[in-house]
1. Can you tell me which lysines have their Cα less than 25 Å from the Cα of K77? Leave out same-chain residues fewer than eight positions away.
2. Between [x] 2, 13, 25, 27, 21, 10, 1, 0; [y] 2, 15, 27, 26, 18, 8, 3, 1, 0; [z] 2, 11, 16, 17, 17, 13, 10, 7, 4, 1, 1, 0, 0, which entry matches P(r) over Cα pairs in 5 Å bins from 0, in percent as derived from the coordinates of this structure?
3. Once fully extended, how much extra length lies between C107 and T30, figured as 0.36 nm per residue of separation less the alpha-carbon to alpha-carbon distance?
4. What nm value, rounded to one decimal, do you get for the distance between W47 and D9 when each label is placed 7 Å out toward the C-beta?
Amino acid sequence: MIKTEWLSDGRSMRLLESVVYCDSEGRLWTAPKGSVVDGASIPRFFWRFIGSPFVGKYRKASVIHDVYCVTKERPHKDTHRMFYEAMLASGVGRFKAWVMYSAVKCCGPRWN
């Protein structure tokens with residue numbers, strides 16, 4: 001379970017505890033306590049088809065992805081791939097995870 005508090009803007013949440021995922025290569029991805037997330041890493045257009053970033057089995061993947069899209073600590077390709085793997089690990093079906101990953105890969109943030 002992810003523990004958060006809503007912020008006054010009505011859209012963002014602050015993590016009350018760290019959220020951690022270990023990918024298939026053994027790399028830890030940590031969204032530290034105090035991080036602010038807003039779900040923006042999932043393009044808003046796609047929310048009508050898949051749901052908002054804060055609802056569903058993909059929530060943990062979305063929160064971690066959000067943090068890395070802000071910090072840019074790892075390349076965007078790795079960050080987006082982690083999103084896909086973390087969704088599968090959370091029980092999201094392969095097709096839905098692929099659709100969401102493809103949307104982020106195509107329309108999501110990029111950096112060097």
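Taken together, the values in this text are just the output of simple stated rules run on the coordinates, not laboratory data. On a predicted model such as this, the values are computed, not experimentally measured, just so you know. Note that each Cβ is placed from the backbone with ideal geometry, even for glycine, and that neighbours are counted across all protein chains shown.
1. Within the straight-line limit of under 25 Å, K77 reaches these lysines: K33, K57, K60, K96, K105.
2. Checking each listed value against the structure points to [x].
3. Length gained, C107 through T30: 25.4 nm.
4. If labels sit at W47 and D9, their model points lie 1.3 nm apart.
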